[in-house]
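Input: a single structure, listed below in structure tokens.
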Amino acid sequence: MDDAARTALVTGGARGIGAAIAARLARDGWRVITADLTAANGRHVICDVSNETSVAALLAGVAAQEGRLDALVCNAGINIRRPIAQLTLAEWSRVIATNLTSTFLLVRAAEALLRAAKGSVVTIASTRAHMSEPGTEAYSASKGGLAALTHALAISLAPDVRVNCISPGWIFTKGEAPRPEDHAFHPAGRVGTAEDIASLAAWLVGAESGFVTGSEFIVDGGVTRKMIYPE
């Protein structure tokens, strides 16, 4: 296959980290399809990635229109943060379905295309797979499950398809700008940007990372390695 026609699908691609990954891959010469519940420019599909029928239609469209899929970036995710006593089963299930089950649905639907292209999958988890704040049970469970699902898929799809996970820490994408003390809290000296994640994702789906699969990359400016004592 012609490398100039390399095709990537990025879920949650309408904004934030997903939009940054899509933009980076486009700059690198990839044909990029984004999928989200929110509208966006370019080749974009409105899709609920937690819905089996919607995911099947999304991948059928890629097969029909592009005819190949070299990279799948599973980035779509939500968070419902509240005390566990107030968290409903429906809310728990919605977070798990969007953040975790969606990757199962996407990879299952894309497997034939990815195998044919000797492609790559990148999942976007979170440092919340390893550390938590109060009221994040559903989100943390979904991201921990995603890290485990990543290495399971890497073994099941080997050697045709590589599967790796990025776990971002504090990535500023919107809202009030971080304060000087927020930057200083990070051993790297600053809060992360969406482009920090996009650059790693671009490497993971490229040829230079061909010996890397089943791995999790924590991108948090060193925070999870920082010993913190009470003042």
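The values are calculated or read from the model by the stated rules, or taken from the named source; none is laboratory data. Since we're looking at a predicted model, the values are computed, not measured. A quick note on method: Cβ atoms are made from the backbone with ideal geometry, for glycine too, and the neighbour counts reach across all protein chains shown. The area values use the complete protein model at the heavy-atom level, side chains included, leaving out ligands, DNA and RNA. Shrake-Rupley method; radii C 1.70, N 1.55, O 1.52, S 1.80 Å.
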- Filter pass, residue 72 being open to solvent by less than 20 Å² (accessible area, probe 1.4 Å) and over 13 Å from the mean Cα position of the chain (by Cα): no
- Query: Is at least one residue of the range 105-115 touching a Lys or Arg at 6+ places or on another chain (Cβ under 9 Å) and buried (at least 22 other Cβ atoms within 10 Å of the Cβ)?
  - Reply: no
- Note on the structure: Per the list (1) of a type outside the set (Val, Ile, Thr); (2) surrounded by 11 or more Cβ atoms within 10 Å (Cβ to Cβ); (3) without any contact (Cβ under 8 Å) to a residue 12 or more places away in the chain; (4) in a loop (DSSP other than H, G, I, E, B), residue check on residue 227 breaks on (2)
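Report whether or not residue 116 is of a type outside the set (Asp, Glu), more than 17 Å from the chain's Cα centre (by Cα) and within 17 Å of residue 205 (Cβ to Cβ).
yes
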- Message: Is it the case, given these coordinates, that residue 46 is more than 28 Å from residue 6 (Cβ to Cβ) and not basic (Lys, Arg)?
- Response: no
- Item | Qualifying positions in the range 1-29 - within 22 Å of residue 57 (Cα to Cα) and crowded, with 21+ Cβ neighbours inside 10 Å | 6, 7, 8, 9, 10, 11, 12, 13, 18, 19, 22
- Of the conditions (1) more than 16 Å from residue 122 (Cα to Cα); (2) open to solvent by 30 Å² or more (accessible area, probe 1.4 Å), the single one that residue 55 does not satisfy is (2)
- Message: As an exercise: evaluate residue 152 against (1) within 24 Å of residue 68 (Cβ to Cβ); (2) open to solvent by 40 Å² or more (accessible area, probe 1.4 Å); (3) hydrophobic (A, V, I, L, M, F, W, C) and give the number of the one condition it does not meet.
- Response: (1)
- Message: Pairs please, first residue from the range 165-186 and within 22 Å of residue 218 (Cβ to Cβ), second anywhere and open to solvent by 30 Å² or more (accessible area, probe 1.4 Å) and among the basic types (Lys, Arg), Cβ atoms under 7 Å, 6+ apart in sequence or on different chains.
- Response: 183/190
